[in-house]
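The values are calculated or read from the model by the stated rules, or taken from the named source; none is laboratory data. Here the structure is a predicted model, which means the values were calculated and not measured. Reconstructed Cβ throughout: ideal geometry from the backbone, glycine too, with neighbour counts over all protein chains shown.
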């Protein structure tokens with residue numbers, strides 16, 4: 001960047017606002033590991049550098065006042081980033097949150113060298129890190145807005161406690177995936193209280209790590225159906241050829257799956273039954289009576305899609321959720337923006353109960369898979385909430401990106 005562009009950006013070498021720019025809100029970044037293209041790099045990096053929001057350049061109103069790193073492998077860039085930006089690197093989450101001037105917290109507990117349990121779930125220390133943060137809140141009497149990346153925990157009791165801490169102490173909480181906030185093709189948002197008869201979604205990737213993203217994308221659509229969200233009674237994980245047998249027995253699901261793919265420009269050639277070698281199917285029995293259906297289709301797509309039948313409408317409601325597979329990973333910009341608004345304005349812009357419900361559903365689906373595809377009852381997922389009326393996902397043109405995925 002030349003001097004003129006640097007001055008025009010309103011940033012100092014540390015990424016802080018230049019003289020004359022409005023002051024930024026300081027946050028503590030509590031991170032498991034920070035390497036190139038990690039969640040920490042995408043979220044914190046784009047926040048520091050600025051990002052596109054609905055067709056325009058946006059300079060974040062957040063500033064990292066302190067950072068903690070749980071692990072620093074040879075691929076670590078967090079220490080160098082902190083040094084270059086003048087960000088104090090703290091020894092613990094507690095120390096980072098107690099840094100002077102901190103007004104919010106970003107907890108990014110994704111990636112790193114952590115064990116897996118027998119069900120194949122990676123045991124990230126999100127609950128323990130949040131416990132340390134909340135203890136600071138208790139000790140100081142200051143409960144700050146918090147962002148928790150992805151789902152809360154692999155353990156339901158821990159996840160429930162993490163959510164309950166926010167209600168007990170009264171701090172705004174934003175959590176979950178960036179994909180609920182990415183661009184949609186077309187820009188579909190179901191009407192609040194839409195009379196949804198049936199709905200099918202799809203995604204790809206690992207059963208737990210990416211299955212979570214697919215579930216939350218699906219939930220952000222169906223939570224707008226008629227009446228408030230009332231939770232999930234049971235789940236079932238179907239795998240292999242049984243996926244296509246179930247689909248044959250439920251032809252409406254296959255029809256909606258094909259409709260959901262209509263706007264996806266990443267599809268492989270050929271029939272989905274031929275290109276996907278290890279299909280997965282998540283079935284969700286909602287307490288409202290809706291049959292939830294989410295396919296994971298590795299080898300056939302690199303996007304998420306959704307289709308629904310709406311009472312009184314001849315055409316299905318259909319969209320895909322667009323991703324950019326290259327730096328700066330701009331499909332995450334919507335999450336950057338709404339985390340910023342949550343912390344700066346100290347209010348929630350969409351319900352974190354969504355992430356809690358999806359966290360519990362995913363844990364039960366992993367149980368179902370471990371038990372050979374058995375249906376698992378989920379009486380604990382009696383979770384009620386209302387979707388927000390306003391639409392939050394990104395509009396506007398997609399910015400350029402580097403298609404090289406390294």
Please pick out the residue among 96, 82, 106, 65 that is assigned by TED's automatic domain parsing to the domain that holds residue 44, without any contact (Cβ under 8 Å) to a residue 24 or more places away in the chain and under 25 Å from the mean Cα position of the chain (by Cα). 82
Given (1) in contact with a strand residue (DSSP E or B) (Cβ under 9 Å, 6 or more places away or on another chain); (2) surrounded by fewer than 15 Cβ atoms within 10 Å (Cβ to Cβ), index of the condition residue 390 fails: (1)
When you scan the stretch 304-333, how many residues do you find that are under 15 Å from residue 48 (Cα atoms) and either buried (at least 20 other Cβ atoms within 10 Å of the Cβ) or free of Cβ contacts under 8 Å to residues at least 40 places away in the same chain (or both)? 5
Restricted to the stretch 338-352 and to residues being under 13 Å from the mean Cα position of the chain (by Cα) and part of a helix (DSSP H, G or I), the residue farthest from residue 321 (Cα to Cα) is 339
Does at least one position in the stretch 110-126 carry a residue that is surrounded by 14 or more Cβ atoms within 10 Å (Cβ to Cβ) and within 21 Å of residue 170 (Cα to Cα)? yes
Please work out which one of (1) touching a helix residue (DSSP H, G or I) at 6+ places or on another chain (Cβ under 6 Å); (2) buried (at least 19 other Cβ atoms within 10 Å of the Cβ); (3) within 26 Å of residue 389 (Cβ to Cβ) is the condition residue 339 fails and give its number. (1)
Picking from 289, 312, 299, which residue would you name as being touching a helix residue (DSSP H, G or I) at 6+ places or on another chain (Cβ under 6 Å), more than 18 Å from residue 217 (Cα to Cα) and in a loop (DSSP other than H, G, I, E, B)? 299
Going residue by residue through the stretch 32-40, is there one that turns out to be surrounded by fewer than 24 Cβ atoms within 10 Å (Cβ to Cβ) and in a helix (DSSP H, G or I)? yes
